[in-house]
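For reference, the structure is listed below as structure tokens.
The values are calculated or read from the model by the stated rules, or taken from the named source; none is laboratory data. As the structure is a prediction and not an experimental result, all values here were calculated from the model. Here the Cβ positions follow ideal geometry from the backbone for every residue, glycine too, while neighbour counts run over all protein chains shown.
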Amino acid sequence: MELVQYLLDLSGIGRDRVQLRWVSAAEGQLFAKYVTEVSNITRELGPFDPEEFRLPLAAVEQTLNSPRIRWLLGLTKQLTEQGNVYNEKLKNEDFKKLLQQAAEEEYHKALIMAALEEGPRSVRQMAEETGLPVYTVSLRLNELERCNQAGLKEYSGSTPIFMGM
Amino acid sequence: MKVGNIEMNKSFEPKILAFLCNWCAYAGADLAGVSRLQYPPTIRSIRVMCSGRVDPVYIIDGLKSGFDSVFVSG
């Protein structure tokens with residue numbers, strides 16, 4: 001849940017679009033109160049246009065599906081409570097930082113892949129489309145190239161054009 | 001036409017996708033209905049057998065398909 005909200009913040013959609021509330025079966029009143037609350041929050045945020053956030057939404061979904069994040073989430077208990085193979089335990093806040101860092105990297109990669117899916121692009125075009133700094137794009141692109149997920153297509157003049165594999 | 005537009009803006013009814021746990025929030029919603037409590041008609045609920053069943057990807061899918069926000073309750 002925290003991770004989803006972090007990613008929504010990262011993508012500019014905003015964490016308030018997702019709300020979690022605990023209600024027991026005996027708390028009808030509380031349920032009515034929460035629904036009113038969530039409706040008011042959403043009303044303040046205004047309508048959500050998925051078309052406007054097409055790339056970020058695709059990237060967030062891709063990130064949440066990525067093996068790296070799934071593995072890391074699955075290992076939460078083991079890493080923070082039982083310790084790794086060297087019997088080192090991670091503090092909760094350190095694990096959170098690690099998870100957020102991994103999520104950010106995966107999110108950027110997914111964003112680049114989402115842009116490349118629409119056709120070959122140069123680094124500068126990708127940076128413009130995704131809103132990421134050029135340097136970040138080239139770093140992540142490098143990682144994607146190493147995993148054979150993206151590659152060089154051709155040179156347009158002296159500008160390299162990349163494509164998704 | 002214009003009046004209608006203004007009215008539309010004023011009464012923006014959010015569409016909220018709600019994932020409700022069968023044993024907690026869904027029963028809570030039922031109780032709210034039975035005891036005739038008023039709450040906004042903004043949620044579209046999906047009953048799940050446990051709120052742990054809700055995968056993060058479902059939330060994103062909800063937003064993708066045009067809901068204004070997603071509400072998970074258990």
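Could you tell me which of the residues A:K97, A:K77, A:K91 is in the same structural domain as A:C147 (by TED's automatic domain parsing), over 25 Å from B:D61 (Cβ atoms) and under 16 Å from the mean Cα position of the chain (by Cα)? Don't jump to the end; show me each part of the working.
Numbers: A:K77 fails: under 16 Å from the mean Cα position of the chain (by Cα); A:K91 fails: under 16 Å from the mean Cα position of the chain (by Cα).
Criteria check complete, one pass: A:K97.
Give the stretch A:31-49 a look and list any residue that's part of a loop (DSSP other than H, G, I, E, B) and under 13 Å from B:V70 (Cα atoms), or say none. Passing the criteria: A:P47, A:F48. Filtering the stretch B:22-42 for residues that are surrounded by 15 or more Cβ atoms within 10 Å (Cβ to Cβ) and more than 9 Å from every other protein chain (Cβ to nearest Cβ) leaves a non-empty set.
Checking the structure you have, find out if any residue of the stretch A:142-161 is in a helix (DSSP H, G or I), closer than 21 Å to A:S11 by Cβ and either at pLDDT 90 or above or in contact with an Asp or Glu (Cβ under 8 Å, 6 or more places away or on another chain) (or both). First the steps, then the outcome.
The first filter runs over the stretch A:142-161 and keeps only residues in a helix (DSSP H, G or I), leaving A:142-146.
Narrowing the set further to residues that are closer than 21 Å to A:S11 by Cβ leaves A:143-144.
Right, trim to either at pLDDT 90 or above or in contact with an Asp or Glu (Cβ under 8 Å, 6 or more places away or on another chain) (or both) and you get A:143-144.
Checked the stretch A:142-161: at least one residue is in a helix (DSSP H, G or I), closer than 21 Å to A:S11 by Cβ and either at pLDDT 90 or above or in contact with an Asp or Glu (Cβ under 8 Å, 6 or more places away or on another chain) (or both).
Candidates in the stretch B:43-73 are the residues that are in a loop (DSSP other than H, G, I, E, B) and surrounded by 15 or more Cβ atoms within 10 Å (Cβ to Cβ); of these, the one that is farthest from the other protein chains (Cβ to nearest Cβ) is B:V54.
You will find that of A:A58, A:A25, A:A32, the residue that is surrounded by 20 or more Cβ atoms within 10 Å (Cβ to Cβ) and of a type in the set (A, V, I, L, M) is A:A32 and no other.
Yes or no, residue by residue, for (1) within 25 Å of B:S73 (Cα to Cα); (2) without any contact (Cβ under 8 Å) to a residue 60 or more places away in the chain:
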| residue | (1), (2) |
| --- | --- |
| A:R43 | yes, yes |
| A:S66 | no, yes |
| A:L99 | yes, no |
| A:M113 | no, yes |
| A:G119 | no, yes |
| A:L132 | no, yes |
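Within the stretch A:105-136, the set of residues being within 18 Å of the chain's Cα centre (by Cα) and under 18 Å from A:Y155 (Cβ atoms) comprises A:L116, A:M126. For the stretch A:25-41, which positions are touching a residue at least 12 places away in the same chain (Cβ under 8 Å) and among the aromatic types (F, W, Y)? Matches in the stretch A:25-41: A:Y34 only. A:E88 fulfils the conditions (1) part of a helix (DSSP H, G or I); (2) out of contact with any Ser or Thr (no Cβ under 7 Å at 6 or more places or on another chain) except for a single criterion, (1).
Kindly establish whether A:M113 is closer than 23 Å to A:Q5 by Cα and either hydrophobic (A, V, I, L, M, F, W, C) or assigned to a helix (DSSP H, G or I) (or both). Yes. When each of A:E52, A:E2 is tested for being in contact with a Lys or Arg (Cβ under 8 Å, 6 or more places away or on another chain) and of a type outside the set (F, W, Y), the lone residue that passes is A:E2.
Taking the options A:L79, A:L64, name whichever one is touching a Leu at 6+ places or on another chain (Cβ under 6 Å) and aliphatic (A, V, I, L, M).
Numbers: A:L64 fails: touching a Leu at 6+ places or on another chain (Cβ under 6 Å).
A:L79 is the lone residue from the list that is touching a Leu at 6+ places or on another chain (Cβ under 6 Å) and aliphatic (A, V, I, L, M).
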